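Derivation of every value follows stated rules applied to the coordinates shown; laboratory data play no part. What you are looking at is a predicted structure, and each value in this text was computed from that prediction instead of being measured. FYI the Cβ positions are ideal-geometry reconstructions off the backbone, even for glycines, and counts take in every protein chain you see.
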Amino acid sequence: MFTDSTIFSNANRAGAPDDTVRIDNPGLTYGNLCAMVYVFDAAQQLTESCGCVETHNGLRTLSVNGDLTANPLTGVESTNGVIKIISAAVNNSPCDPTGNVSPKANLRSWGTHIQNPVRIDSRVVATAFPITETEFSDSTLGATELANLQAQCAFIGILGSGHGVCSCGTED
């Protein structure tokens, strides 16, 4: 079992552009999959989660500011953190990240990263925020971590009264 993960930085920061996450289902399994998305803040707390259907050969685009950090459980929008995406079999309509997640490898994910403005000797020499884009890193997903992700997401659903649920952006 694998999970994809990446960092985000400078989200929800005045003057900084928005980070973007793109998820692709290249179609190896020929069918829909679920992208189970789990968003953590810099203190390693799960702040939002959601499940997004990924169609065969589909591409989904998510805004970090608008889709992944705009509705946190605590009401405090994260500026830095980690995004984990589990490629899974469809388990509900819509996909449910709180339980019965059955990982199924295939989804590919990329994210933009908003870098800090360039500084020399602690002076800002450029006001622009440089942007880079990388593929998410694959890592082994243990059964304990999968169970913890699902349980934390379920608790957010119980405690959050609608907060802590991210949205799935747009499918191109």
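Observations
- Backbone N within region 36-69 under 18 Å of label point (7 Å from V76 Cα along the Cβ vector): 39-49, 69
- Residues A128 and Q45, FRET efficiency given R0 of 22 Å [Cβ-Cβ distance, rounded to 0.05]: 0.10
- Set against the 2.2 N^0.38 Å expectation for a compact globular protein, region 62-172 has a Cα radius of gyration ratio of 1.29.
- Using the Stokes-Einstein relation with a Kirkwood hydrodynamic radius computed over Cα pairs, the translational diffusion coefficient of region 1-146 at 37 °C and a viscosity of 0.692 mPa s comes to 206 µm²/s.
- Binned Cα-Cα distances of region 26-110, short to long, each 10 Å bin given as a whole percent: 18, 47, 29, 6
- Applying a 4.7 Å Cβ-Cβ cutoff to the chain leaves C153 as cysteine residues with no disulfide-compatible partner.
- Residue-span extension gain [T140 to L159] - 0.36 nm each, minus C-alpha spacing: 3.9 nm
- The residue list T6, Y30, N116 was ranked by how far each Cα lies along the charge dipole of the chain toward its positive end, using unit charges on Cβ atoms, and N116 comes out on top.
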